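Below is one structure, written out as structure tokens; the observations come after it.
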Amino acid sequence: MFMSETRHNWTKEEILEIYNKPFMELLYEAATVHRINHDPNVVQVSTLLSIKTGGCSEDCGYCPQAARYHTDIEGNDLMSVQQVKAQALRAKSTGSSRVCMGAAWRNVKDGEEFDQVLEMVRTINKLDMEVCCTLGMVTENQAKRLAEAGLYAYNHNLDSSEEYYKEVISTRGYQDRLDTIDNVRKTNVTVCSGGIIGMGENIEDRAGMLVALSTLNPQPESTPINALVAVEGTPLEDQKPVSIWDMVRMVATTRIVMPETQVRLSAGRTQMTREGQAMCFFAGANSIFAGDKLLTTPNPDVNEDMEMFALLGMKPQKPFTKKVQPQTVEAQDSQLQSLGEKPKWTRPEHTIERNEAAKEKAKTLK
Ligand code: SAM
Ligand code: DTB
Ligand code: SF4
């Protein structure tokens with residue numbers, strides 16, 4: 001008998017036991033849980049849009065957008081609402097039901113730029129597409145203002161286990177991430193939260209991340225599983241690409257412990273074959289990021305993805321299949337105002353040797 005009810009009390013030991021099952025057993029169990037909870041021939045297609053690129057104050061060891069490292073990316077100021085609308089229409093015409101707007105910010109700051117993002121949310125929701133934002137940490141008031149504008153989802157990843165998080169990022173703590181997720185949960189915006197594998201973490205850390213995500217109640221409505229894209233100049237530039245077997249195991253385990261979530265095959269698909277991706281879909285992945293770019297790094301071409309779906313007999317998911325479309329309140333009718341808060345997000349600032357080394361190297365190159 002396979003479990004398919006949603007449990008919020010998974011232990012690390014139980015999750016490790018699932019992750020380490022014989023491969024075929026794991027795949028069969030995950031595929032079974034998947035079929036009980038989802039249409040296995042439907043895949044969500046979400047287009048990523050980097051609305052504000054580079055120049056970020058944080059020290060995330062994986063991220064090419066951190067200002068302190070020397071990477072080749074081209075930084076950009078906040079995009080205009082018209083530019084975003086044009087990109088969203090393009091995404092819609094190529095089969096996307098969702099647009100995910102990412103900003104290289106530590107946290108949201110009230111002011112003109114946030115007001116502009118709220119206008120982007122209103123504009124895309126009015127195109128009848130699901131709108132997701134990933135803007136860093138948010139307060140409860142900011143989450144409520146995003147909800148009022150018509151935001152469907154907020155992405156905020158836990159990225160790894162609490163223990164390994166400290167080896168990757170020193171400019172904020174794990175609890176800050178959990179607090180932001182909590183703030184989003186106080187609204188009707190859905191939660192998108194997952195992480196990255198291939199950063200040098202061990203299997204216990206992968207299981208630890210899944211404990212943290214699956215014991216949230218409710219669990220996140222979507223969970224991106226990213227394979228690290230090792231970018232030159234970042235502290236993690238020398239990490240070996242994660243093996244497809246690890247990716248499939250991670251996807252399958254996520255599917256089993258979070259039966260209802262949409263598991264998104266996220267960064268790292270350019271390194272995967274179609275056969276590898278098909279195994280991930282069989283193991284319970286039912287969402288992808290589409291578009292020839294993720295935020296700053298390459299992603300498969302959307303036409304190639306559509307060919308792959310045709311080959312597999314899979315169809316793009318329609319918008320608002322899982323939850324009704326939120327209403328948009330116009331700026332002039334808003335009941336909510338900026339509170340001018342000064343939130344107390346932490347800055348542990350402990351030393352991470354490889355982050356320090358990458359920062360020092362950047363100084364000599366800049
Ligand atoms: N600045 C916001 C934040 O950190 O929450 C939002 C944007 S940030 C780029 C969103 C997520 O992208 C990160 O949490 C991380 O999981 C993922 N990411 C960033 N760089 C990556 C890389 N090189 N490989 C894989 N995933 C990456
Ligand atoms: C997520 O989990 N992955 C996306 C999205 N959420 C914002 C970002 C992947 C970024 C990969 C590196 C880059 O392109 O800069
Ligand atoms: Fe900034 Fe987000 Fe990149 Fe961290 S992951 S450096 S917070 S853009």
Q: Enumerate cysteines in the chain without a disulfide-compatible partner, where compatibility requires another Cys Cβ under 4.7 angstrom.
A: Cys56, Cys133, Cys192, Cys280
Q: Could you work out the equivalent-ellipsoid semi-axes for region 304-345, taking the square root of 5 times each eigenvalue of the Cα gyration tensor, largest first, in whole Å?
A: 40, 17, 9
Q: Give the peptides 332-338, 255-261, 347-353 in descending order of average Cβ contacts within 10 Å, highest first.
A: 255-261, 347-353, 332-338
Q. With the Cα gyration tensor of region 101-234 giving a ≥ b ≥ c as the square roots of its eigenvalues, does the rule (a/c under 1.5 for rounded; else a/b larger than b/c for prolate; else oblate) give rounded, prolate or oblate?
A. prolate
Q) How much net charge surrounds Glu330 when only other residues with a Cβ under 13 Å from its Cβ are counted (Lys, Arg +1; Asp, Glu -1)? A) -1
Q) Let a ≥ b ≥ c be the square roots of the eigenvalues of the Cα gyration tensor of region 229-366; is it rounded (a/c under 1.5), or, if not, prolate (a/b larger than b/c) or oblate? A) oblate
**Q.** Net charge, Asn20 excluded, C-beta distance under 15 Å - Lys, Arg +1, Asp, Glu -1
**A.** -4
**Q.** the chain shape via C-alpha gyration tensor axes, a/c threshold 1.5
**A.** rounded
Q: Once you've got the GNM for the chain with C-alpha springs shorter than 10 Å, pick whichever of Met24, Met209, Met306 has the biggest mean-square fluctuation.
A: Met24
Q | Largest-first ellipsoid semi-axes for region 195-262, taking √(5λ) over the Cα gyration tensor eigenvalues, angstrom | A | 24, 12, 11
Q: Please figure out what share of the DSSP beta bridges in the chain is antiparallel and state it in percent, rounded to the nearest 5.
A: 5 percent
(Q) Which of Lys12, Lys85, Lys344 ends up with the largest GNM mean-square fluctuation for the chain, with Cα atoms connected below 10 Å? (A) Lys344
Q: Would you calculate, for the chain, the mean residue ellipticity at 222 nm contributed by helices, counting each DSSP H stretch of 4 or more residues as -39,500 (n - 2.57) and dividing by all residues, to the nearest 500?
A: -11000 deg cm²/dmol
Q: About the Cα centre of the chain, how large is the charge dipole given +1 on each Lys and Arg Cβ and -1 on each Asp and Glu Cβ? Please answer in debye to the nearest 20.
A: 560 debye
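Using a cut-off of 12 Å between beta-carbons, work out the net charge of the residues near Pro300 (Lys and Arg +1, Asp and Glu -1, Pro300 not included).
-2
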**Q.** Charge dipole magnitude, Cβ of K and R +1, D and E -1 - region 199-276, Cα centre, debye nearest 20
**A.** 300 debye
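Using the Cα centre of region 24-162 as the reference point, and only Cβ charges (+1 on K/R, -1 on D/E), how large is the resulting charge dipole? Debye, rounded to the nearest 20.
Around 480 debye, computed over region 24-162.
Any read-out appearing in this document is the output of simple, stated calculations on the displayed coordinates, not a laboratory observation. All of these numbers come straight from a predicted model, not from anything done at the bench. When we count neighbours, we look across all protein chains shown, and the Cβ atoms used for this are built from the backbone with ideal geometry, even at glycine.
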